[in-house]
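Notes to accompany the following structure.
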């Protein structure tokens, strides 16, 4: 984790606003990420798979829009209490943390461009980020089983 002081935060916020304002910068998915289809309580969700430290660190930063049934699946190397933040992310997102069996632990709404952290309610091996409200619109709650996840790392 990077330590931020007030000056760094102001500079990062200014940079993120500049990048958001540039046309085309925030539109495209990360290059080279595999896209898979998940079944979320009967709803199809196409997700980019962020399974490396670099792709997880980049996440959905700098994106100005995300199609309705798209998102990002974060695959962590170990199940633990992971945390997300919204620095450089101008989209309001929802995050669902999943245990190693693919069951949703908790779902949180995250405001754009926030330096607050949003934590898993338990040991999570996966996280799914979507447009804010995607899960709520479909009545998806903690305890829901997600189908189509890649196997646990190391298997």
| request: Between the alpha-carbon centers of segment 127-144 and segment 49-104, tell me the distance in whole angstrom. | output: 13 Å
| remark: Taking r as the C-beta separation of residue 52 and residue 136 and R0 as 25 Å, the FRET efficiency to the nearest 0.05 is 0.25
| message | Taking the beta-carbon count within 10 Å as an exposure proxy, list 43, 82 from fewest neighbours to most. | response | 43, 82
| note | dims of segment 33-155, Cα set, principal axes, largest to smallest, nearest Å -> 34, 30, 27
| task | Order by neighbour count: 84, 65, fewest other Cβ atoms within 10 Å first, most last. | result | 65, 84
| Exposure proxy order (Cβ contacts within 10 Å, fewest to most) of 63, 138, 56 | 138, 56, 63
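Every read-out reported here was derived from the displayed coordinates using simple, explicitly stated rules and does not represent laboratory data. Predicted model, so just to flag it, every value in this text is computed and none were measured. Quick reminder, even Gly has a Cβ in these numbers, built from the backbone with ideal geometry, and neighbours come from all protein chains shown.
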